[in-house]
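Colleague: Please read through the structure below; I'll follow up with questions.
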Amino acid sequence: MKVAYLCSEYPAISHTFVLREVEALRRLGASIATFSIRRTPSKRLLSRADREADESTIAILPPRWGRLLAAHARLLSRAPLAYLSALRFALGLAGPGLRGRIWQVFYFAEAVFLWNECRVREIEHVHAHLANAAADVAMVAARIGSAAEPGRAWSWSFTMHGPTELFDLRHYRLAEKTRSARFVVCISDFARSQLMAISEPETWERLHVVHMGIPVDDFSSRAPALPTGPPRLLYIGRLVPEKGQAVLLEAIALLTERGYPVEATLVGEGPMRPELERLSMQLGIASQVDFPGAIGQDDLRELYEGATVFCLPSFAEGVPVVLMEAMAMEVPAISTRIAGIPELIEDGHSGFLISPGRPEELADRIAMLLDDPHLRRKLGANGREKVLREFNAEKSAAQLYELFAKELAGSPSTAEPAVDGEPAVLKIGA
């Protein structure tokens, strides 16, 4: 089974789950070629696994002009109608205005390169992680392959994460992508429901829920911590508004007022960092909060080991991998009652769920855990069991491998021509 995996950036600091998924599928026997729209800057390759993945990944940008122009010349000379049809199809997906059309020309150019690289490797299926630009390129590449080589079973699929794609349905064209894809992997029932809401019922059978997972053995349960120093709260993730770090800082200020000498580590980088640092000073807790920046996967275990409570007070999420990691390490976790998070955390059993944007509620739950070591151990143990049972990378990879094998074993798919600029629909043969 040969599959091309395409991401906007691979490997990426915030998308370690894709790298783990690729490695797990390869262990099961799948032949996975990894492609990235943009080359990952070397300064963001923070672990040995990242560096190894980068070496074996084909980046489309920055362009290698010789290979790019050769791919276009080959397609235009051998299948000019397919070339023009695919270009028209790509332009039909454009957003309003000249800018939208220019971006679609870029996607088309990248798709021709991807198609040619897959063709020479005898790969006929492209899987995109995230329904963003990578999915646009994968969709057009499959269209090119179907038109230029109708005897081959060209197709594509994508993994639906959220929440970013759900913020602007028109921009991300989720309905069109759902119709066009051979199948869609949804990371949660919530993600699946959001696609069901915008797509025709006849496409619902293409929507499959496969939970992301983590390599549980890499996050084995920790030894009971000896009480040394103040309790430490841990956050890991991008420093962006939708992650709600300001709510955590306000909760820390409330806990300090109540006499809890907590400290916190907020791991990650992003545009909110200066504002969060200013807020910590305004709240009078700057000496209690550490901002170490982005940290590679190899160094995360030590952070989990030293954490008393893991906090992720997000306003918008998919199913956060960092929650899985903390829970696997038996760190009691607190997050918000949104999106797919309740599919991971059962409130009061494997962690705590709070209303988004409520620092008082977050402070109350943290205080409950600080006051009750038995409760911390209980939630930590139940959290690890939840991850072992439902968010184990090996189990998830086996489900995904089975899905790929089933879907790609059928007869070649055919694409209906685009009509009046409308996107084509890939139909699976009986």
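The values are calculated or read from the model by the stated rules, or taken from the named source; none is laboratory data. What you see is a predicted model, and the numbers here were worked out from it, not measured in a lab. Cβ sites come from the backbone with ideal geometry, for glycine too, and all protein chains shown count toward neighbours. The protein model used for the area step is the full one, side chains on, heavy atoms only, and it has no ligands, DNA or RNA in it. Shrake-Rupley method; radii C 1.70, N 1.55, O 1.52, S 1.80 Å.
Colleague: Please work out whether the stretch 82-172 counts as rounded, prolate or oblate from its C-alpha gyration tensor, where a ≥ b ≥ c are the square roots of the eigenvalues and a/c under 1.5 means rounded, while otherwise a/b larger than b/c means prolate and anything else oblate?
Modeller: It is oblate, given that a/c is not under 1.5 and a/b is not larger than b/c.
Colleague: Run the numbers on the chain and let me know its relative contact order in percent, using alpha-carbon pairs under 8 Å that are six or more apart.
Modeller: It comes to 16 percent, rounded to a whole number.
Colleague: Within the chain, what whole-number % of the accessible surface is contributed by carbon and sulfur, with the 1.4 Å probe and all protein chains included in the calculation?
Modeller: Using a 1.4 Å probe with all protein chains present, the chain comes out at 54 percent carbon and sulfur.
Colleague: For the chain, set up a GNM with springs between Cα atoms under 10 Å and report which of 328, 135, 246 has the largest fluctuation.
Modeller: Ranking 328, 135, 246 by mean-square fluctuation puts 246 first.
Colleague: Loop sites only, by DSSP: take the GluC sites (Glu not before Pro) in the chain that have at most 16 other C-beta atoms within 10 Å and name the longest stretch containing none of them. Walk me through the numbers on the way to the answer.
Modeller: On the way: sites that count: 122, 346.
Longest gap between qualifying sites, sites excluded: 123-345.
Colleague: Please sort by residue number the trypsin sites (Lys or Arg not before Pro) in the stretch 212-308 whose DSSP state is loop and whose Cβ has at most 14 other Cβ atoms within 10 Å.
Modeller: Those satisfying the criteria are 258.
Colleague: Straight-line reach only, C-alpha to C-alpha below 21 angstrom: list the lysines that residue 395 could link to, leaving out same-chain residues fewer than 8 apart.
Modeller: Cross-link targets: 2, 386, 406.
Colleague: Rg and Dmax of the stretch 260-393, using alpha carbons, in Å: what are they?
Modeller: Cα-based Rg and Dmax for the stretch 260-393 come out at 14.6, 43 Å.
Colleague: Among the lysines, which fall within straight-line cross-link reach of residue 177, defined as a Cα-Cα distance under 19 Å, with same-chain neighbours fewer than 8 residues apart omitted?
Modeller: Candidates past the 8-residue exclusion: 427.
Colleague: For the stretch 24-33, take each phi angle, set θ = phi - 60°, evaluate the Karplus expression 6.51 cos²θ - 1.76 cosθ + 1.60, and give the result in whole Hz per residue in order, putting x for glycine and proline.
Modeller: Each residue of the stretch 24-33 in turn: 5, 5, 5, 5, 7, x, 6, 9, 10, 9 Hz.
Colleague: Quick one: if the Förster radius is 51 Å, what FRET efficiency do residue 101 and residue 31 give, using the C-beta to C-beta distance and rounding to 0.05?
Modeller: FRET efficiency, residue 101 to residue 31: 0.90.
Colleague: Within straight cross-link reach of residue 378, meaning Cα distance under 14 Å, which aspartates and glutamates are found once same-chain residues fewer than 8 apart are removed?
Modeller: Within reach: 330, 346, 347.
Colleague: From the phi angles alone, apply the Karplus equation (6.51, -1.76, 1.60; θ = phi - 60°) to the stretch 103-110 and give each ³J(HN,Hα) in whole Hz, x where the residue is Gly or Pro.
Modeller: Calculated HN-Hα couplings, in order: 4, 5, 5, 4, 4, 5, 4, 5 Hz.
Colleague: Can you compute the helix-only [θ] at 222 nm over the chain? Use -39500 (n - 2.57) per DSSP H run of at least 4 residues, normalise by all residues, nearest 500 deg cm²/dmol.
Modeller: Values: 17 runs with 196 residues, N = 430.
So the helix-based figure for the chain works out to -14000 deg cm²/dmol.
Colleague: Take residue 52 and residue 120, extend 7 Å from each Cα along the Cα→Cβ direction, and tell me the distance between the two endpoints in nm.
Modeller: For residue 52 paired with residue 120, the spin-label model returns 2.6 nm.
Colleague: In whole angstrom, note down how far apart the Cα centers of the stretch 1-63 and the stretch 164-221 are.
Modeller: The stretch 1-63 and the stretch 164-221 have Cα centres separated by 20 Å.
Colleague: Right, here's the next one. Which of the listed residues, 350, 255, 98, is farthest toward the dipole's positive end in the chain, when Lys, Arg count +1 and Asp, Glu count -1 at the beta-carbon?
Modeller: Result: 98, furthest along the dipole toward the positive end.
Colleague: Using the Cα gyration tensor of the stretch 48-121, with a ≥ b ≥ c the square roots of its eigenvalues, what is the shape: rounded (a/c below 1.5), prolate (a/b larger than b/c) or oblate (neither)?
Modeller: Judged from the Cα gyration tensor, the stretch 48-121 comes out oblate (a/c at least 1.5, b/c at or above a/b).
Colleague: May I ask you to give the solvent-accessible area per residue for the chain, in square angstrom, as obtained with a 1.4 angstrom probe? Walk me through the numbers before you get to the answer.
Modeller: Working: 18180 Å² over 430 residues.
About 42 Å² of surface per residue is accessible.
Colleague: Computed from the mean reciprocal separation of all distinct C-alpha pairs, what Kirkwood hydrodynamic radius does the stretch 9-145 have, in Å?
Modeller: 15.8 Å
Colleague: While we're here: Separation between the residue 196 and residue 346 pseudo-spin-labels, each 7 Å from Cα along Cα→Cβ, expressed in nm?
Modeller: Distance between label points: 2.2 nm.
Colleague: Per-residue accessible area for residue 378 at 1.4 Å probe radius, Å² rounded to 10?
Modeller: The accessible area comes out at roughly 90 Å².
Colleague: Let me ask you something else. When the label point is put 7 Å from the Cα of residue 69 along its Cα-to-beta-carbon vector, which residues of the stretch 107-138 have a backbone N closer than 20 Å?
Modeller: 107-117
Colleague: Take every Cα pair under 8 Å in the stretch 263-310 that's 6+ residues apart, average their separations, divide by the length, and report that relative contact order as a whole percent.
Modeller: 49 percent
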